[in-house]
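**Q** Okay, here's the structure, questions in a sec.
Each reported figure results from applying straightforward, stated rules to the coordinates on display, with no laboratory input. Keep in mind the model is a prediction, meaning the values are calculated, not measured. With ideal geometry, Cβ positions are generated from the backbone for all residues, glycine too; neighbour counts draw on all protein chains shown.
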Amino acid sequence: MQPQTQQTQFQYLIGVDGGGTGTRVLLVDKEGKELARASAGPSGLMHGATAAWRAILTAIEQAFATTGIVAPDFKEMAIGCGLAGVNNKLWAAEFVAANPGFAALVVETDAGTTLLGAHQGKPGAIIALGTGSVGEVMQADGSRREVGGWGFPSSDEASGAWMGLRAINHVQHVLDGRSPADDFANAIIQFCGGDKDAVFAWLGGATQTKFAQLAPLVIQYAPMNAKAKSILVDAGLEVEKMANALDPSATMPIALCGGLADAIWAYLPEKLLQRVTKPAGDSAVGALILVKSQFMQS
């Protein structure tokens, strides 16, 4: 998305990684020295522009509080935001229009900033696994292509929400008597309130974020429960499909990113393990690379 800027001298640069579950910010000074990191609630645009900015500003306030520096006016800061939901042009336009006064603002998908951070702006591919999921590749000529990222529940394969949806389906089968009870299902039931009626009530308010909150239980029980393990094995196969679509030639580095990357690593197919790498930097770092490329060119 085109940057929004005014002519000014930036005292601070801010990189934002905004997802459906949480927001992470990275604060640096005008020389590029890292000052602080902080986090807040979700700022994915599916929650609305107002909620997104509220979370981002909360995290920025915490970052400055950590440093002991009195935060200056927004007009002295440049901010880059990698946000879930930017592919929805209406949501993105609403977010930019609600800029609370930052002198420079550039908005990108969270996949785009994750890609920049993972390979430090160099060619490569990423598969990001968090509340949602998406894959993106950048070729040597700078062209980019995305795989997945169509949104929950129709897409976001191997994501936390995807795992949670399958976990709750297992619970439904157990409660109906279609599958035998197990400790995994019981843990999900307890998380949702303790009985069938509570599960119904939980489902009535279930969002992508709430489904993703079940993912830690899937991961916890996978070593000892066949159903939980099958969810992660299937997630690994979905990651492999994304990798093959991003890089059919199997010649590019593919960084596995996001909060669930480490948990899924052990369940990736053997052939894929030979191709994946750890990211060099995260989405907030990528957002800063974006800010610098847009506003700090000599």
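**Q** Once the piece of chain linking Q190 and W265 is laid out straight, how much longer is it, given 0.36 nm per residue of separation minus the C-alpha distance between them?
**A** Between Q190 and W265, full extension yields 24.2 nm more.
**Q** So which of K75/K122; K122/K229; K227/K271; K30/K278 end up more than 26 Å apart, counting from Cα to Cα?
**A** Distance filter (> 26 Å) returns K75/K122; K122/K229; K30/K278.
**Q** Expressed as a whole number of Å, what is the distance separating the alpha-carbon centroids of the range 198-243 and the range 71-134?
**A** 27 Å
**Q** Just from its helices, what would the mean residue ellipticity at 222 nm be for the chain, if runs of 4 or more DSSP H residues each count -39500 (n - 2.57) and the sum is divided by every residue, rounded to the nearest 500 deg cm²/dmol?
**A** On the way: 12 runs with 128 residues, N = 298.
It lands at -13000 deg cm²/dmol.
**Q** Each residue of the range 81-94 in order: what ³J(HN,Hα) in whole Hz does its phi give by Karplus 6.51 cos²θ - 1.76 cosθ + 1.60, θ = phi - 60°, with x for Gly and Pro?
**A** Values per residue, Gly and Pro as x: 10, x, 10, 5, x, 5, 4, 7, 4, 5, 4, 5, 5, 5 Hz.
**Q** Which value, in Å to one decimal place, does the Kirkwood hydrodynamic radius take for the chain when every pair of different Cα atoms is included?
**A** Kirkwood radius, the chain: 19.9 Å.
**Q** Which cross-chain or sequence-distant (5 or more) residues have an amide H under 5 Å from the amide H of G22, H modelled 1.01 Å from N in plane?
**A** When sequence neighbours closer than 5 places are left aside, the close amide H contacts are S43.
**Q** While we're looking at this one, here's another question. Please return the longest range in the chain lying between exposed loop sites, taking trypsin sites (Lys or Arg not before Pro), DSSP loop only, at most 11 other beta-carbon atoms within 10 Å, and leaving the sites out.
**A** Values: sites that count: K33, R178.
For trypsin sites (Lys or Arg not before Pro) (loop position, at most 11 other Cβ atoms within 10 Å), the longest site-free span of the chain is 34-177.
**Q** Rank V239, V147, V174 by mean-square fluctuation in a GNM of the chain with C-alpha springs under 10 angstrom and give only the top-ranked residue.
**A** V174
**Q** So for M138, M224, fewest C-beta neighbours within 10 Å to most, what's the order?
**A** Going from sparsest to densest Cβ surroundings: M224, M138.
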